[in-house]
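Take a look at the structure below.
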Amino acid sequence: MTTHAMTVADAIRTRRTVRHYLPDPIPETTLTSLLDLAIEAPTSWNLQDRSIVVVTGDEGREGLTWATGGQPQPQEAPVVLVFVAELRSWQDDHSDVYEQARGNGAWSDDFIAMFSAASKAFQEGLDERGLLREYAVKDAVIAASFLMLAATEMGLATSPMNGWDEEKVKKVIGIDGRDDLAIALLVSVGYAAEVRPHPGRRAPERNIVRERYGDPGNTARQE
Ligand SMILES: Cc1cc2nc3c(=O)[nH]c(=O)nc-3n(C[C@H](O)[C@H](O)[C@H](O)COP(=O)(O)O)c2cc1C
């Protein structure tokens, strides 16, 4: 018998935000595969400036329930992932990243020298303009998006969460007072205890235009 894996398009179309979960735990091997796929996500300058805190214990999930003002997902889902954006990790040593890229034949020594200097200058520019948080959060959120689609393919349900108090989340995961770190997103993961219908999306013409934002009639779709 042939089994057909879900395509990326299937995962995109069938993923729903699930707010109620069965108590069943996620097998450790499944969770590991899922997290490995999340960190395959690209990051600006390959900085890999985001971490995922995996919260599975009762105390941590109770803490995140408190931090989210009582949302059901952290109470019910067996796993809650906290995506942490690392605003200043670009200042740390990245020789391991360069070694790996060199070893994979992806980057030459000349490229590494150029890339290292250019990324530092770029990040310094962000720092001057107060944009470090915004840029690190982008990287963390892309990883969360990859994770939600990979979870869908594995038969797992997810919910992204914005509704939380940042200082409380930081306290729960042990980084209170760390201004160099920001909470980007929480994602609950587990087995669905509800079926959520697709709430729908506006017609593509409402959100996709060609060439210039907001030009009336300038839709992406050709007649
Ligand atoms: C960045 C982000 C934050 C969200 N935060 C919450 C949240 O805190 N609580 C919640 O119940 N749903 C949250 N949602 C889920 C949205 O309400 C949901 O994605 C939207 O209604 C569309 O439904 P769908 O995901 O099933 O397509 C969030 C979604 C996104 C993308």
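The values are calculated or read from the model by the stated rules, or taken from the named source; none is laboratory data. Owing to the predicted nature of the structure, the values given are computational and were not obtained by experimental measurement. Cβ coordinates were reconstructed from backbone atoms using ideal geometry, including for glycine residues, and neighbour counts include every protein chain displayed.
Odds and ends about this structure:
- Considered as a group, the residues in the stretch 175-189 that are more than 16 Å from the ligand (Cβ to nearest atom) and out of contact with any helix residue (DSSP H, G or I) (no Cβ under 6 Å at 6 or more places or on another chain) include one that is farthest from residue 40 (Cα to Cα), and that residue is 177.
- Hey, residue 151 modelled with pLDDT of 95 or more, touching a Gly at 6+ places or on another chain (Cβ under 7 Å), within 18 Å of residue 18 (Cα to Cα) and buried (at least 17 other Cβ atoms within 10 Å of the Cβ) or not: no
- Evaluation of residue 83 against the conditions (1) of a type outside the set (A, V, I, L, M); (2) over 25 Å from residue 10 (Cα atoms); (3) in contact with a strand residue (DSSP E or B) (Cβ under 8 Å, 6 or more places away or on another chain) shows that the sole unmet condition is (2).
- The stretch 41-53 residues that are at pLDDT 95 or above, paired with ones that are of a type in the set (D, E, K, R) and part of a helix (DSSP H, G or I) (beta carbon under 6 Å, 6 or more apart): 43/139; 44/139; 49/139; 50/139
- Odd one out for residue 80, checked against (1) surrounded by fewer than 18 Cβ atoms within 10 Å (Cβ to Cβ); (2) in contact with a helix residue (DSSP H, G or I) (Cβ under 6 Å, 6 or more places away or on another chain): (1)
- Note on the stretch 49-88: residues that are among the polar types (S, T, N, Q), more than 12 Å from the chain's Cα centre (by Cα) and not in a helix (DSSP H, G or I) total 3.
- Of the candidates 61, 133, the single residue that is in contact with a Pro (Cβ under 7 Å, 6 or more places away or on another chain), among the basic types (Lys, Arg) and either at pLDDT 95 or above or on the phi < 0 side of the Ramachandran plot (or both) is 61.
- Taking (1) within 12 Å of the ligand (Cβ to nearest atom); (2) in contact with a Pro (Cβ under 8 Å, 6 or more places away or on another chain); (3) closer than 29 Å to residue 136 by Cβ in turn, residue 20 satisfies each apart from (3).
- Selection count, the stretch 175-193, where residues are assigned to a strand (DSSP E or B) and of a type in the set (Ser, Thr, Tyr): 1
- Any hit, the stretch 156-170, residues being small (Gly, Ala, Ser), surrounded by 17 or more Cβ atoms within 10 Å (Cβ to Cβ), out of contact with any Cys (no Cβ under 8 Å at 6 or more places or on another chain) and closer than 15 Å to residue 35 by Cα: yes
- Entry remark, the stretch 89-125: residues being within 21 Å of the chain's Cα centre (by Cα) and farther than 25 Å from residue 174 by Cα number 2 in total.
- Restricting attention to the stretch 24-39, the residues that are free of Cβ contacts under 8 Å to residues at least 12 places away in the same chain and over 18 Å from the mean Cα position of the chain (by Cα) total 3.
- Cross-chain or 6+ apart pairs with Cβ under 8 Å, the stretch 179-198 first and more than 21 Å from residue 78 (Cβ to Cβ) and at pLDDT 95 or above, then of a type in the set (Lys, Arg) and away from the ligand (no atom under 11 Å from the Cβ): 180/88; 181/170; 182/133; 184/50
- The criterion of at least 1 residues that are within 12 Å of the ligand (Cβ to nearest atom) and touching a helix residue (DSSP H, G or I) at 6+ places or on another chain (Cβ under 7 Å) is met, among helices (runs of 4 or more DSSP H) falling completely within the stretch 92-174, by 132-153, 166-172.
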